[in-house]
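The next block holds one structure in the form of structure tokens; read it before the comments.
The values are calculated or read from the model by the stated rules, or taken from the named source; none is laboratory data. Being a predicted model, the structure only gives us computed values, none of them experimental. Every residue, glycine as well, gets a Cβ built from its backbone with ideal geometry; the counts of neighbours run over all protein chains shown. Note: areas computed on protein heavy atoms with side chains; ligands, DNA, RNA excluded. Shrake-Rupley method; radii C 1.70, N 1.55, O 1.52, S 1.80 Å.
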Amino acid sequence: MYLSVALAVPLHRDFAYSISKEQLNDYPIGGRVQVPFGNKKRVGVVLAVNSECEFDAAKVKPAIKPLDTAPIFSQELMSLAKWISRFYIYPMGEVLSAMLPTLLRKGESAELTALEYLHVCKESLAKISQSDLIETFKRSKKQAQLFQYISSHPMLLKDAKKAYSPSIVKGLVDKSLVHVNLQTPKTNTWQENMLLGEKKRANPEQAIAIASINQAEGYTGFLIEGVTGSGKTEVYLQVIEEVLQQGQQVLILVPEIGLTPQTVKRFEERFGNVVAVWHSALTDNERLQVWQQAKHNQMAVFIGTRSSVFLPLAKPGMIIVDEEHDESYKQQDKLRYHARDIAAYRANQYNIPLVLGTATPSLESLHNALSHKYRHLILAQRAGSASMPTQHLIDLGGQVLDAGIAPSMMMRIEQQLKAGNQVLIYVNRRGYAPALICEQCGHVETCLDCDNPFTVHLSAHNLQCHRCGKFEPYQHSCKKCHSKNVSTQGIGTEQIQQILAKRFSDYSCVRIDSDSTRGKRKLNELLTEINQNKHQLLVGTQILSKGHHFPNVTLALILNVDSFLFSSDYRAPEKLAQLVTQLSGRAGRENKPGEVWLQSYQVGHPLLQDLVNNGYSHFARTLLSERIAAKLPPASYQAAIRVEHTELAPILNFLEYAGQLLGQFKQLEFVGPFPAGVEKKQGRYRFITVAQSNSSAYLVKAMQQAKEALEKHQFAAKLRWIVDIMPTDFS
Ligand code: ADP
Ligand code: ZN
Ligand code: ZN
């Protein structure tokens with residue numbers, strides 16, 4: 001017999017391995033197998049078992065051993081993988097591998113492993129009198145509490161050490177009152193731990209949304225377009241409750257940065273210890289554990305970032321994509337999937353509701369809602385007593401700026417600080433200044449690998465290239481003419497923080513960007529400090545726009561919106577409007593009204609006027625009709641061929657051939673080659689050709705044929721190139 005095996009190698013084909021007839025039942029389809037490959041061993045997944053082999057049977061090697069006794073990919077997950085492989089034109093073996101936690105990819109056991117539990121020791125207990133027992137615990141209340149808890153349920157040793165302390169646990173164990181036992185965790189357990197906390201009284205808009213979702217039968221897509229602070233999370237909580245009561249699980253996708261403990265806490269408070277969390281800071285072991293909790297139905301609610309969309313839910317009941325517009329849902333390397341699209345596919349597959357929520361819908365989802373592919377639920381009011389912030393433009397023309405801030409804005413900042421409020425200032429650049437210039441000869445210190453000016457960093461006291469990460473010591477003199485007359489040009493977060501801290505020295509000014517928040521814990525610490533009002537001025541990059549709740553922020557200032565207006569990327573206005581609206585959403589979230597100011601040299605620009613006067617929802621509809629008129633996505637579908645190399649000629653030669661191939665498809669148009677937004681990085685030039693069609697199926701088929709032909713091009717092996725289906729970014 002022959003196994004057809006998918007291996008994580010960059011080839012669009014399966015591999016055959018032989019087994020004996022007796023072994024047939026040891027190799028389930030959808031289970032992993034260890035096989036020889038070259039002179040190494042590899043982990044693959046069994047796709048099929050055949051009695052014949054399409055390859056030369058004499059050359060087929062025997063499989064080494066099965067790694068699973070039962071499939072780890074259910075039939076649904078297998079067909080999901082097949083669809084992903086076809087749609088994203090990516091080898092099946094690599095898709096399956098991307099769907100697994102690292103440890104399973106490496107061949108570790110997928111079985112539930114026994115864990116250490118604390119049990120009450122019945123024999124010791126029988127020997128001890130009640131009064132002696134009371135006496136033993138006289139000096140340790142904590143031990144008594146823990147003992148009492150364990151008497152009613154065995155507890156994970158790890159959890160007990162965390163909830164109490166290792167010494168309290170040891171104290172109990174030393175008294176022989178409890179002992180540690182290895183036990184395999186039970187499956188289907190979350191219902192025992194589920195609580196149903198008190199819910200808020202839904203306002204009328206929330207009530208309609210909740211009822212519509214609860215009434216859905218089978219697959220229905222919903223788009224909740226709810227202004228910031230309109231109580232979308234409360235809607236999620238209430239519809240999730242229904243699903244849990246049916247004994248089903250829920251997957252909630254969240255953007256990477258939005259995954260703050262506050263969010264998770266809200267779910268835990270409502271539903272108890274049935275919430276599992278998946279994000280990039282988990283260890284490999286923790287990921288495997290969450291994967292098992294999904295597969296064995298040990299947890300009910302899974303809150304996770306992009307790759308959690310592959311979790312093997314045993315009893316899927318609903319998929320929610322929060323902040324569905326967020327760019328982090330699109331993977332930007334290797335398998336370039338969009339988690340929102342995969343979520344939709346899965347919901348359809350399992351015939352369960354899909355709920356997308358955001359204040360700033362992507363034009364893709366808005367298009368689906370307006371064309372009735374999704375049901376459109378609108379929350380136009382803020383929940384509770386908070387009102388929407390007002391938005392204003394300020395003309396920078398002719399003004400003398402300090403720290404990039406107009407004088408009248410400085411006064412407003414001062415007023416708000418004096419009134420005891422917090423102020424948020426958004427800047428699109430981290431570091432001190434985006435360039436270091438020689439005033440004598442005009443030389444700009446540049447990263448030659450990227451043709452990109454170095455950014456000056458004050459706290460690290462160096463020059464950094466924001467494309468490749470390379471850094472150099474700070475220069476006090478010009479490298480070219482040796483003049484000491486060098487100065488920084490432009491402004492970044494560090495400089496604004498420095499100037500504002502000096503100017504408003506009675507207040508604390510905190511900086512929030514990827515430099516100041518390295519490590520997940522750091523960001524959470526800063527957010528907590530902000531909510532404790534330890535800082536009054538918040539200066540930062542787009543991290544500040546991501547769903548945080550800052551009840552005391554009454555003024556948000558957006559320093560420079562103009563760069564978005566003149567971008568060659570047709571998605572730039574959409575991204576700008578999302579950023580502005582999400583930043584606005586941080587202001588005035590409780591009783592104090594908020595205001596938002598956008599500084600610009602282009603205050604008459606129709607896009608800015610529309611956004612400020614009519615708000616995101618009007619703006620997005622205008623933008624959508626423009627895209628439809630121009631036949632751009634979401635009215636059509638795009639795919640990009642991206643190529644990188646140290647030399648330009650082979651790139652252009654390759655993409656010229658790509659153009660010839662694409663030109664043969666009648667229902668497809670293409671543009672390119674053109675340089676990527678980041679034209680050079682780490683010594684490599686980057687070029688793109690973009691194809692577009694009215695039919696996604698036609699596009700994918702054409703790209704697949706083009707890819708096959710391109711693989712035979714003379715430079716195919718030399719260049720770094722990929723096909724990106726439905727690209728969201730051309731940088
Ligand atoms: P969103 O997810 O849309 O940003 P949240 O669900 O976080 O909004 O709600 C914003 C604030 O309003 C929260 O403090 C929340 O507790 C409160 N809230 C939500 N729904 C209600 C309601 N029906 N009644 C009173 N307060 C509510
Ligand atoms: Zn010089
Ligand atoms: Zn560089």
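Summary table below
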| quantity | calculated |
| --- | --- |
| Inter-centroid distance (Cα atoms) of region 622-671 relative to region 156-232, Å | 46 |
| Dipole axis of region 637-725 (+1 Lys, Arg; -1 Asp, Glu on Cβ), positive-most option in 706, 683, 694 | 683 |
| Estimated distance in nm for a label pair at residue 682 and residue 401, the labels positioned 7 Å out from Cα along Cα-to-Cβ | 3.3 |
| Accessible area per residue in Å² at 1.4 Å probe, computed on the chain | 46 |
| Most to least accessible of 201, 686 (protein chains only, probe 1.4 Å) | 201, 686 |
| Prolate/oblate/rounded label for the chain (Cα gyration tensor, a/c 1.5) | oblate |
| Heavy atoms of residue 111 accessible to a 1.4 Å probe, total area in Å² rounded to 10 | 100 |
| Virtual paramagnetic centre 7 Å along Cα→Cβ of residue 532, amide N under 18 Å, in region 549-589 | 549-553 |
| Other-chain or far-sequence residues with amide H under 5 Å of residue 221's (modelled H) | 354, 375 |
| Computed E for residue 54/residue 669 - FRET, C-beta separation, R0 30 angstrom, nearest 0.05 | 0.20 |
| Cα-projected label distance for residue 716 with residue 334, points at 7 Å along beta-carbon direction, nm | 2.3 |
| Lys, Arg +1 and Asp, Glu -1 on Cβ, resulting dipole of the chain about Cα centre, debye, nearest 20 | 1240 |
| J(HN,Hα) series, region 137-146, from Karplus relation 6.51 cos²θ - 1.76 cosθ + 1.60, nearest Hz, glycine and proline x | 8, 4, 9, 9, 4, 4, 4, 4, 4, 4 |
| Spread of Cα-to-Cα distances over 10 Å intervals beginning at zero, given as percent, for region 2-105 | 16, 51, 30, 3 |
| Computed [θ] at 222 nm, deg cm²/dmol, the chain (DSSP H ≥ 4; -39,500 (n - 2.57); rounded to nearest 500) | -10000 deg cm²/dmol |
| Positive-pole candidate from 238, 275, 309, dipole of region 216-362, charges at beta carbon | 309 |
| Neighbourhood charge, 11 Å Cβ-Cβ cut-off, centred on residue 107 and excluding it, Lys, Arg +1 and Asp, Glu -1 | +4 |
| Which of 506, 333, 610 is most accessible, then next, and so on - probe 1.4 Å | 506, 333, 610 |
| Cut-off 9 Å between beta-carbons: net charge of the residues surrounding residue 329, Lys and Arg +1, Asp and Glu -1 | -2 |
| Inter-probe distance in nm under a simple model that places probes 7 Å from Cα toward Cβ, at residue 256 and residue 134 | 5.8 |
| Backbone N within region 430-450 under 18 Å of label point (7 Å from residue 569 Cα along the Cβ vector) | 430 |
| Accessible area, probe 1.4 Å, largest first, for residues 270, 105 | 105, 270 |
| Bins of 5 Å from zero: percent of alpha-carbon pairs in region 474-536 | 4, 15, 17, 17, 16, 10, 9, 6, 5, 1, 0 |
| Heavy atoms of residue 400 accessible to a 1.4 Å probe, total area in Å² rounded to 10 | 120 |
| FRET efficiency, 1/(1 + (r/R0)^6) with R0 41 Å, evaluated for residue 126 and residue 74 via beta carbons | 0.30 |
| Spatial separation of Cα centroids for region 467-483 and region 308-332, in angstrom | 44 |
| Surface share of carbon and sulfur [accessible, 1.4 angstrom probe, percent] for region 115-183 | 54 |
| Using θ = phi - 60° and Karplus 6.51 cos²θ - 1.76 cosθ + 1.60, couplings along region 576-587 (whole Hz; Gly, Pro as x) | 4, 5, 5, 4, 4, 5, 5, 5, 4, x, 7, 9 |
| Amide proton proximity set for residue 189, modelled H, under 5 Å, gap of 5+ | 298 |
| Residue-count net charge about residue 77 - beta-carbon cut-off 12 Å; Lys, Arg +1, Asp, Glu -1 | +2 |
| Antiparallel %, DSSP beta bridges [both residues in the chain], to 5 | 55 |
| Cut-off under 5 Å, modelled amide H: who pairs with residue 252 long-range | 302, 303, 304, 320 |
| Nearest-20 debye value, region 435-489 charge dipole, Cβ charges on Lys, Arg, Asp, Glu | 80 |
| Accessible-area value, residue 561, 1.4 Å probe, nucleic acids and ligands omitted, Å² | 0 |
| ³J(HN,Hα), Karplus 6.51/-1.76/1.60, whole Hz, each residue of region 714-726, x for Gly, Pro | 4, 9, 4, 7, 7, 8, 9, 9, 8, 9, 10, 7, 6 |
| Length gained when the stretch residue 29-residue 449 is fully extended (0.36 nm per residue, less Cα-Cα span) | 146.4 nm |
| Carbon and sulfur %, accessible surface of region 2-105 computed with the full protein complex present, 1.4 Å | 50 |
| Region 435-489, accessible surface, carbon-and-sulfur percent (1.4 angstrom probe) | 51 |
| Förster radius 45 Å - calculated FRET efficiency between residue 371 and residue 151 (Cβ-Cβ, nearest 0.05) | 0.15 |
| Total charge dipole magnitude, region 115-183, about the Cα centre, Cβ charges on Lys, Arg, Asp, Glu only, Debye to nearest 20 | 240 |
